[in-house]
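Remarks on the structure that follows.
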Amino acid sequence: MKTMLTLAALAVGMAATPALAAPGGFHVGALAGYEGIKVKSADNTVEAKADSAVYGIDAGYDIPLGGAFVGVEGELSTSGGSTKFPSSFTGAREGLKANGQYYVGARAGFNLTPGIAAYGKVGYTSLDTKAFTSSGSLGELKERAGGVRYGAGLQMDLPGPLTAKLEYRHSRYKDLQSGTYGDANTNQVVAGVGVRF
């Protein structure tokens, strides 16, 4: 009898609990974290890597769909990654700096618990690069490279309109500096705090 009463009470409680509301509306925020960049030579025989900090701002709009959501977002960020190829690299400029980045894309996710959502993302990203020589004998070559970014993250509601997130992103860029370099990849792990309207 006690078991039946307990089950009945749980059923009533679950029926009275509203469905998990997914994030919705406009949001803006700031983010910071780690970036690892790997650059290949044009013939894919030599690689250079660097680690640095990355930080920026983002904004977007989410549409709730019951316990799920879809949205669009944009981001402006910068990092200080500076790679240098080994002596076997035959290019005139042996190093590459990664600077400003921007991203425009879409995301979709669902609530795991009240106030915590998981999501995936994909979109277009652009990276400002500067090719340089260590001696400074040649001037820097500046160029913007386009690519694709995809990633995943967790978002948590904080008191009031505040939110926090933890996110991993991978970006791929092709033929940097008009073919002087090969491909570049960046891996980022960032944390962010935002405000939802």
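Could you please tell me which pairs satisfy a Cβ distance under 6 Å, a separation of 6+ or placement on different chains, a first residue in the range 159-180 that is more than 24 Å from Thr133 (Cβ to Cβ) and outside any strand (DSSP E or B), and a second residue that is at pLDDT 95 or above and hydrophobic (A, V, I, L, M, F, W, C)? Once the first residue is more than 24 Å from Thr133 (Cβ to Cβ) and outside any strand (DSSP E or B) and sits in the range 159-180, its partners that are at pLDDT 95 or above and hydrophobic (A, V, I, L, M, F, W, C) give Pro161/Val195.
Taken over the range 160-197, the residue count meeting the criterion of being under 20 Å from Gly95 (Cβ atoms) and among the aromatic types (Phe, Trp, Tyr) is 2. As an exercise: evaluate Thr129 against (1) at pLDDT below 90; (2) surrounded by fewer than 20 Cβ atoms within 10 Å (Cβ to Cβ) and give the number of the one condition it does not meet. With respect to (1) at pLDDT below 90; (2) surrounded by fewer than 20 Cβ atoms within 10 Å (Cβ to Cβ), Thr129 is out only on (2). Starting from the range 124-135, keep only residues that are outside any loop (DSSP other than H, G, I, E, B), then list their pairs with residues that are at pLDDT 80 or above and of a type in the set (Phe, Trp, Tyr) whose Cβ atoms are within a distance under 6 Å, requiring at least 6 positions of separation or different chains. Matching pairs, first to second residue: Thr125/Tyr103; Ser126/Tyr102; Leu127/Tyr173.
Yes or no, residue by residue, for (1) modelled with pLDDT under 75; (2) acidic (Asp, Glu); (3) farther than 17 Å from Ser77 by Cα:
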| residue | (1), (2), (3) |
| --- | --- |
| Gly136 | yes, no, yes |
| Lys142 | yes, no, yes |
| Gly146 | no, no, no |
| Asp157 | no, yes, yes |
| Glu167 | no, yes, no |
| Ser171 | no, no, no |
| Asp183 | no, yes, yes |
| Gly192 | no, no, no |
| Phe197 | no, no, yes |
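All of (1) modelled with pLDDT under 90; (2) of a type outside the set (Phe, Trp, Tyr); (3) part of a strand (DSSP E or B); (4) surrounded by 20 or more Cβ atoms within 10 Å (Cβ to Cβ) hold for Arg93 with one exception: (3).
Just to be sure before I move on: is Ser82 in contact with an Asp or Glu (Cβ under 8 Å, 6 or more places away or on another chain) and small (Gly, Ala, Ser) in the structure I sent? So that I can check it myself, show each step before the final result.
Numbers: in contact with an Asp or Glu (Cβ under 8 Å, 6 or more places away or on another chain): no; small (Gly, Ala, Ser): yes.
No, not satisfied.
Quick check on the range 73-88. Is at least one of its residues among the hydrophobic types (A, V, I, L, M, F, W, C), at pLDDT 95 or above and surrounded by 14 or more Cβ atoms within 10 Å (Cβ to Cβ)?
no
Listed by first and then second residue, the pairs linking a residue in the range 50-76 that is polar (S, T, N, Q) to a residue that is buried (at least 20 other Cβ atoms within 10 Å of the Cβ) and part of a strand (DSSP E or B), with Cβ atoms under 6 Å apart and 6 or more places separating them unless they lie on different chains, are Ser52/Glu35; Ser52/Ser79.
A count restricted to the range 149-174 and to residues that are surrounded by fewer than 19 Cβ atoms within 10 Å (Cβ to Cβ) and touching a strand residue (DSSP E or B) at 6+ places or on another chain (Cβ under 7 Å) stands at 14.
What residue, among those in the range 28-51 that are in a strand (DSSP E or B) and among the hydrophobic types (A, V, I, L, M, F, W, C), is farthest from Thr83 (Cα to Cα)? I'd like the intermediate steps shown before the answer.
Initial filter on the range 28-51 (in a strand (DSSP E or B)): 28-41, 47-51.
The next check asks that each one be among the hydrophobic types (A, V, I, L, M, F, W, C); those that pass are 28, 30-32, 37, 39, 48, 50.
Details: Val28: 32, Ala30: 26, Leu31: 23, Ala32: 21, Ile37: 8, Val39: 8, Ala48: 6, Ala50: 5 Å.
Among those residues, the one meeting the criterion is Val28.
Residues checked against (1) out of contact with any strand residue (DSSP E or B) (no Cβ under 7 Å at 6 or more places or on another chain); (2) at pLDDT below 80; (3) surrounded by 15 or more Cβ atoms within 10 Å (Cβ to Cβ):
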site: Ala16; (1), (2), (3): yes, yes, no
site: Lys38; (1), (2), (3): no, no, yes
site: Ser41; (1), (2), (3): no, yes, yes
site: Lys49; (1), (2), (3): no, no, no
site: Ser52; (1), (2), (3): no, no, yes
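Only a single criterion out of (1) buried (at least 20 other Cβ atoms within 10 Å of the Cβ); (2) at pLDDT below 95; (3) basic (Lys, Arg) is not satisfied by Lys121, namely (2).
On the basis of being out of contact with any Gly (no Cβ under 7 Å at 6 or more places or on another chain) and free of Cβ contacts under 8 Å to residues at least 12 places away in the same chain, does Ser87 make the cut? Step through it out loud before you land on a result.
Working: out of contact with any Gly (no Cβ under 7 Å at 6 or more places or on another chain): yes; free of Cβ contacts under 8 Å to residues at least 12 places away in the same chain: yes.
So Ser87 fits the description; yes.
The values are calculated or read from the model by the stated rules, or taken from the named source; none is laboratory data. The structure displayed is predicted, hence computed values, not measured ones. Every residue, glycine among them, receives a Cβ derived from its backbone with ideal geometry; neighbour counts consider all protein chains shown.
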